[in-house]
Amino acid sequence: MMQDGGMNRLRASALIRHEVGLHARPSVKLTKLAKAFESKIDLGLSPDGPWVDAKSIVKVMATKAPKDSTLYFRAEGSDAEAALDALVTLVNEDFPDGP
Amino acid sequence: MKGNVGIVIVSHSADVARGTALMVEQMVGREVPLGWCGGDPDGGLGTSVEAILAAIDKAWSEQGVAILVDLGGAETNSEMAIEMLPESRRSRVVVCNAPVVEGAVMAATEAASGAPLDVVRRTAEELTPA
């Protein structure tokens, strides 16, 4: 995780290993998790964006990130660090089924 | 207000409605109140106002209910069902202008976060080209 420029915005990234990429079920899981945090969270397929709102299921699903692509996150807000930790863990653990 | 917005799926086909409900349950989870109906009482294709009312009742939430429909009669019968609801509930039920399967999954994902009815509806309708 790293600080983004001079702004109070954090960044993180994770490699997506899920067999068919960021398809329907992983997209739903990612969006639901992002929505659990107050921070503004963006998702991109490159470190420079373009960025989409990670809390928008329609936009997350439309990224169609394939297997072996890297997901980039940036978050801004009081719980940004926890949000990025949770999202990176979700991707690294290959989108396990929640409780 | 407490709880998540409920989702109702109305299709001409019982199989489509049941399958869509299964997708919502398995992709999004069970934290969203869910009702579905499809087909006529003889097992053919169709929709019925009574069945839609029962599905709304099953999915009822104080936060309201978003209905996803497939074609023609599913929409008009859903609107008729809404008109037959008690006045206190009528303003808290909307029919979304969205494809039934995709709209149901998107709406439920939004609803699972506790979003209000107008946001749930807007998310489902994001799928529909303007």
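The values are calculated or read from the model by the stated rules, or taken from the named source; none is laboratory data. Just so it is clear, the structure is predicted and the values come from calculations on it, not from any experiment. Quick reminder, even Gly has a Cβ in these numbers, built from the backbone with ideal geometry, and neighbours come from all protein chains shown.
Per-structure values
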item	result
Cβ-Cβ under 9 Å pairs, at least 6 apart or on other chains, the stretch A:54-74 side within 10 Å of residue A:16 (Cβ to Cβ), far side basic (Lys, Arg) and at pLDDT 90 or above	none
Residue within the stretch B:81-100 that is in contact with an Asp or Glu (Cβ under 8 Å, 6 or more places away or on another chain), within 14 Å of chain A (Cβ to nearest Cβ) and not in a loop (DSSP other than H, G, I, E, B) present	yes
Candidates B:24, B:32 - the one that is assigned to a helix (DSSP H, G or I), within 14 Å of chain A (Cβ to nearest Cβ), among the aliphatic types (A, V, I, L, M) and out of contact with any Phe, Trp or Tyr (no Cβ under 8 Å at 6 or more places or on another chain)	B:24
Subset tally (residues that are surrounded by fewer than 16 Cβ atoms within 10 Å (Cβ to Cβ) and either modelled with pLDDT under 95 or within 17 Å of residue A:65 (Cα to Cα) (or both)) for the stretch A:27-52	5
Boolean, residue A:49 is in a loop (DSSP other than H, G, I, E, B) and either within 14 Å of chain B (Cβ to nearest Cβ) or farther than 25 Å from residue B:108 by Cβ (or both)	yes
Cβ pairs under 6 Å, 6+ apart, first in the stretch A:77-92 and closer than 9 Å to residue A:10 by Cβ, second of a type outside the set (A, V, I, L, M, F, W, C) and in a loop (DSSP other than H, G, I, E, B)	A:80/A:39; A:83/A:39
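The rows are residues; the columns are (1) touching a His at 6+ places or on another chain (Cβ under 6 Å); (2) under 19 Å from residue B:122 (Cα atoms).
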| site | (1), (2) |
| --- | --- |
| B:39 | no, no |
| B:42 | no, no |
| B:45 | yes, no |
| B:50 | no, no |
| B:62 | no, yes |
| B:67 | no, yes |
| B:75 | no, yes |
| B:81 | no, no |
